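Colleague: Here it is, the structure in full.
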Amino acid sequence: FDTARRVDIRLVATCAGAEVSAPIIVSNVDLAVFFQAATDLSHAAAVNNPWRGEGEGIAFVNLTRNTSVKIFTISGKLVADLKAPVNGSARVVWPLTQGACPAAPGVYLAMLADPAGPRKMLRVMVLP
């Protein structure tokens, strides 16, 4: 993925799978900000959330260099422990697995932790 390239993003509002408004094109978007390490977790976010079966999984962006991401079920069972990327990227992807099995549809809690600062909790959803 070329983070130096600017892209156009097409946004479409849908309801029950049908478009309900005309598409909006946002031009010349700089995606590099999503791949640079942040100084704190205040702007950390989950992308491709809710996950609808498309893409590589749910990505956590705007992370610090030392952020770890732990994914839990609502009942508190740990299903994934994602370590900070070694390349200094501000992005970690959960490929939606629980060990060797695919993650079940439902709501999960993602705890983002940086040893140098406060933790942040995000809710993510996996749709069938």
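Colleague: Among (1) of a type outside the set (Lys, Arg); (2) closer than 22 Å to ILE9 by Cα; (3) surrounded by fewer than 17 Cβ atoms within 10 Å (Cβ to Cβ), which single condition is TRP51 missing?
Modeller: All conditions are met except number (3).
Colleague: Now for a separate question. Given the criteria in contact with a strand residue (DSSP E or B) (Cβ under 8 Å, 6 or more places away or on another chain), surrounded by 10 or more Cβ atoms within 10 Å (Cβ to Cβ), more than 19 Å from VAL107 (Cβ to Cβ) and not hydrophobic (A, V, I, L, M, F, W, C), does SER68 qualify?
Modeller: yes
Colleague: Right, MET121: open to solvent by 50 Å² or more (accessible area, probe 1.4 Å) and in a strand (DSSP E or B) or not?
Modeller: For MET121, the condition - open to solvent by 50 Å² or more (accessible area, probe 1.4 Å) and in a strand (DSSP E or B) - is met.
Colleague: Further, regarding this structure: Restricting to region 29-41, count the residues that are over 14 Å from the mean Cα position of the chain (by Cα), open to solvent by 60 Å² or more (accessible area, probe 1.4 Å) and touching a residue at least 40 places away in the same chain (Cβ under 8 Å).
Modeller: Count: 2.
Colleague: Return the pair list, or none, for Cβ contacts closer than 9 Å from residues in region 51-74 that are more than 12 Å from ARG119 (Cα to Cα) to residues that are open to solvent by 60 Å² or more (accessible area, probe 1.4 Å) and among the hydroxyl-bearing types (Ser, Thr, Tyr), at least 6 apart or on different chains.
Modeller: Pairs found: ASN62/SER42.
Colleague: Oh, and also: Mind checking which residues of region 65-118 are at positive phi and part of a loop (DSSP other than H, G, I, E, B)?
Modeller: GLY76, GLY88, LEU96, GLY99
Colleague: Further question on the same structure: Identify, please: which residue in region 74-108 is surrounded by fewer than 16 Cβ atoms within 10 Å (Cβ to Cβ) and in contact with a Lys or Arg (Cβ under 7 Å, 6 or more places away or on another chain) and is, among those, nearest to LEU63 (Cα to Cα)?
Modeller: Of everything passing the filter in region 74-108, GLY88 is nearest to LEU63 (Cα to Cα).
Colleague: All but one of (1) modelled with pLDDT under 90; (2) within 24 Å of ASP30 (Cβ to Cβ) hold for GLN98, so report the exception by its number.
Modeller: The one condition GLN98 does not meet is (2).
Colleague: Out of region 13-28, which residues are over 23 Å from the mean Cα position of the chain (by Cα) and open to solvent by 70 Å² or more (accessible area, probe 1.4 Å)?
Modeller: Of everything in region 13-28, those that are over 23 Å from the mean Cα position of the chain (by Cα) and open to solvent by 70 Å² or more (accessible area, probe 1.4 Å) turn out to be ALA16, GLU19, VAL20, ALA22.
The values are calculated or read from the model by the stated rules, or taken from the named source; none is laboratory data. For clarity, every value in this text was computed on a predicted model and none was experimentally measured. Cβ atoms come from the backbone with ideal geometry, glycine included; neighbour counts cover every protein chain shown. Each accessible area value is taken on the protein alone, full model and side chains, heavy atoms only, with ligands, DNA and RNA left out. Shrake-Rupley method; radii C 1.70, N 1.55, O 1.52, S 1.80 Å.
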